[in-house]
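Here the structure comes first, spelled out in structure tokens, and everything after it is commentary.
The values are calculated or read from the model by the stated rules, or taken from the named source; none is laboratory data. Being a predicted model, the structure only gives us computed values, none of them experimental. Reconstructed Cβ throughout: ideal geometry from the backbone, glycine too, with neighbour counts over all protein chains shown. Remember, those area values only see protein heavy atoms, side chains included, never the ligands or the DNA or RNA. Shrake-Rupley method; radii C 1.70, N 1.55, O 1.52, S 1.80 Å.
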Amino acid sequence: MPKETKVVVCPGNDDRADVDALVNSHESVINGEGNILQIDESHEMVSCGWVNPSPWKTAREEPEEKLQED
């Protein structure tokens, strides 16, 4: 029997908050944002889609101090 395929999606700074709800609603999709995922016995995956403030004022921006804290 084949293994079920899982897809990891990591919303980024241009993605609005409603993207997370969409990603979280799918049973074969894992939201990697802000999580440490164990890929296998030797590998982990870490994701952070937040950025420091930019001239483009994207959806996921925080001051440098908050990014460091997170």
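Glu27 - would you say it is open to solvent by 90 Å² or more (accessible area, probe 1.4 Å) and in a helix (DSSP H, G or I)?
For Glu27, the condition - open to solvent by 90 Å² or more (accessible area, probe 1.4 Å) and in a helix (DSSP H, G or I) - is not met.
From the set of residues in the range 7-24 that are surrounded by 11 or more Cβ atoms within 10 Å (Cβ to Cβ) and assigned to a strand (DSSP E or B), which is nearest to the chain's Cα centre (by Cα)?
Per the criteria, the residue is Val9.
Looking only at the range 50-70, which residues are over 10 Å from Asn13 (Cβ atoms) and not in a loop (DSSP other than H, G, I, E, B)?
Result: Glu64, Glu65, Lys66, Leu67, Gln68, Glu69.
Contact list please: Cβ distance under 7 Å, first residue in the range 38-60 and within 16 Å of Ala17 (Cβ to Cβ), second residue open to solvent by 70 Å² or more (accessible area, probe 1.4 Å) and of a type in the set (Phe, Trp, Tyr), pairs at least six apart or on different chains.
Partner pairs satisfying both residue conditions: Arg60/Trp50.
Here's a check for you: in the range 6-29, which residue that is of a type in the set (Gly, Ala, Ser) and closer than 23 Å to Glu65 by Cβ is modelled with the lowest pLDDT?
Checking each candidate, the answer is Ala17.
For the range 30-49, how many residues are assigned to a loop (DSSP other than H, G, I, E, B) and more than 24 Å from Leu67 (Cβ to Cβ)?
Residues meeting the conditions: 2.
Among the residues of the range 30-41, is any in contact with a Ser or Thr (Cβ under 8 Å, 6 or more places away or on another chain), open to solvent by 100 Å² or more (accessible area, probe 1.4 Å) and among the charged types (D, E, K, R)?
Looking for residues that are in contact with a Ser or Thr (Cβ under 8 Å, 6 or more places away or on another chain), open to solvent by 100 Å² or more (accessible area, probe 1.4 Å) and among the charged types (D, E, K, R), one finds none in the range 30-41, hence no.
If the Cβ limit is 8 Å and pairs must be 6+ apart or interchain, which residue in the range 3-25 that is without any contact (Cβ under 8 Å) to a residue 24 or more places away in the chain and polar (S, T, N, Q) pairs with which residue that is assigned to a loop (DSSP other than H, G, I, E, B) and open to solvent by less than 90 Å² (accessible area, probe 1.4 Å)?
Thr5/Ser28
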